[in-house]
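What follows is one structure encoded as structure tokens, with my remarks underneath.
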Amino acid sequence: MKKIIIFGGTGFIGKNLVEHFSKNKKYVVTATYFKSMPPKNLKKNITWVKVDLRKENQIKKILFNQDVVLQFAATTSGSADIVKKPYLHVTDNAVINSILMRQCFNSNIKHFIFPSCTVMYQSSSKKIKECDFDANVQLTPSYFGVGNTKKYLEKMCEFYSRISKIKFTAIRHSNLYGPYDKFDLKKSHMMGASITKVLKSRDGIVNVWGTGNEKRDLLYVKDFIYFIDLLIKNQKNSYSLYNIGYGKAYSVNTVIKKIIKIAKKKIEIKHDLSKPHIPTSLSLNSNKAKKEIGWTPKYTLEEGIQKTISWLSRQSN
């Protein structure tokens, strides 16, 4: 049996990874937490360990005899913090990943999987391939810090793959949503915030930050977890970089209208141009993942929204 350790097991993606791999008897799963306690419903078939990823001695202990590292521990936030506090995504994330990769190298881990992002890409009306990134083009100003940090960490993955026998994967995934997402308006991303605004509207109004014309490639989280599963089984190269997205850009206004329809609400959309928003639009070309790993998304946007709303409804019962 393969031994998998999921760093950041109490985060949005981490919880979905824990839920998925804990059901597979082919894996022995360890998951880490730091500030947030492990959920009671995700303790079956899982060994939970509290770890401060800034402490090398703690990392070294839990990496012993592990095969696959899923590194999903990070400092994250919504667009408000990206605009007002961009440093939040730089310092801690650079430090913990640098320490963790070095300890994986020292511990002879077999496969290290790292979620990058798509903020290094420029807005585009066409689907973006991995090779479309141009380091000579300035990043969107709001993404300068986080985008360059992610690029640095991608290169660090490639560096360690060259000096070791460890396989490394960097994933530029699109906007994920689904069960265990953040639905607190102070911390949530676009989809989580939009669903919350629609479901909790009491005056028949949803306030959208900005014009609502910016477009996002939105991927249901179960499709992303499915990719991780295939990746562990099928990656052959020592270092691989993959785009993972639904492959279609939807405007914020369109997404909210779909949420309103699926939730069967009668709600009016209003726009607040004074609030922070990032006017970019992009969608991803994921043909490389399809060709090399055998992955394609299974869920439409409408199906993903419906499943997310149904999951939220079960949590409140």
message = On the basis of being under 25 Å from Gly14 (Cβ atoms), among the aliphatic types (A, V, I, L, M), in contact (Cβ under 8 Å) with a residue 40 or more places away in the chain and open to solvent by 20 Å² or more (accessible area, probe 1.4 Å), does Leu230 make the cut?
response = yes
Could you say whether any residue in the stretch 283-304 is in a strand (DSSP E or B), surrounded by 16 or more Cβ atoms within 10 Å (Cβ to Cβ) and modelled with pLDDT under 95?
no
Report task. Check whether at least one residue in the stretch 195-204 is at pLDDT 90 or above and assigned to a strand (DSSP E or B), and report yes or no. Result -> no
- request: Go through the residues of the stretch 252-268 one by one and say whether even a single one is exposed (fewer than 13 other Cβ atoms within 10 Å of the Cβ) and touching a Gly at 6+ places or on another chain (Cβ under 9 Å).
  value: yes
Exactly one of Asn234, Asn213 is under 22 Å from Ser125 (Cβ atoms) and more than 11 Å from the chain's Cα centre (by Cα), and that residue is Asn213
In the stretch 94-133, anything crowded, with 20+ Cβ neighbours inside 10 Å, among the β-branched types (Val, Ile, Thr) and farther than 27 Å from Asn285 by Cα is listed as Ile96, Ile109
Given the conditions (1) surrounded by fewer than 23 Cβ atoms within 10 Å (Cβ to Cβ); (2) under 17 Å from the mean Cα position of the chain (by Cα), every one holds for Met1 apart from (2)
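Yes or no, residue by residue, for (1) at pLDDT below 95; (2) out of contact with any helix residue (DSSP H, G or I) (no Cβ under 6 Å at 6 or more places or on another chain):
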residue: Gly178; (1), (2): no, no
residue: Leu185; (1), (2): yes, no
residue: Met191; (1), (2): yes, yes
residue: Lys215; (1), (2): yes, yes
residue: Phe224; (1), (2): no, yes
residue: Leu241; (1), (2): no, no
residue: Gly245; (1), (2): no, yes
Tyr246 meets each of (1) open to solvent by 30 Å² or more (accessible area, probe 1.4 Å); (2) assigned to a helix (DSSP H, G or I) with one exception, condition (2)
Here the qualifying pairs (Cβ atoms under 9 Å; residues six or more apart or on different chains; first in the stretch 278-300 and under 20 Å from Cys131 (Cβ atoms) and among the β-branched types (Val, Ile, Thr); second open to solvent by 50 Å² or more (accessible area, probe 1.4 Å) and assigned to a strand (DSSP E or B)) come out as Thr280/Lys215
Can you spot a residue in the stretch 122-136 that is within 28 Å of Phe34 (Cα to Cα) and either out of contact with any His (no Cβ under 9 Å at 6 or more places or on another chain) or not small (Gly, Ala, Ser) (or both)? no
Residue hits (the stretch 205-225; in contact with a Phe, Trp or Tyr (Cβ under 7 Å, 6 or more places away or on another chain) and either part of a helix (DSSP H, G or I) or open to solvent by less than 30 Å² (accessible area, probe 1.4 Å) (or both)) are Asp217, Leu218, Leu219, Tyr220, Val221, Lys222, Asp223
Flagged in the stretch 202-224 as closer than 18 Å to Asp272 by Cβ and among the aliphatic types (A, V, I, L, M), in numbering order, are Ile205, Val206, Val208
Checklist entry - Does the stretch 151-170 contain at least one residue that is among the aliphatic types (A, V, I, L, M), out of contact with any Phe, Trp or Tyr (no Cβ under 8 Å at 6 or more places or on another chain), surrounded by 14 or more Cβ atoms within 10 Å (Cβ to Cβ) and in a loop (DSSP other than H, G, I, E, B)? => result no
Taking the stretch 253-282 and the residues there that are over 18 Å from Ile195 (Cβ atoms) and within 24 Å of the chain's Cα centre (by Cα), the one that is modelled with the lowest pLDDT would be Pro276
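The values are calculated or read from the model by the stated rules, or taken from the named source; none is laboratory data. Bear in mind the structure is a predicted one, so any value in this text is a computation, not a measurement. Virtual Cβ from ideal backbone geometry, glycine too; neighbours counted across all protein chains shown. Accessible surface is based on the protein model in full, side chains and every heavy atom, while ligands, DNA and RNA are left aside. Shrake-Rupley method; radii C 1.70, N 1.55, O 1.52, S 1.80 Å.
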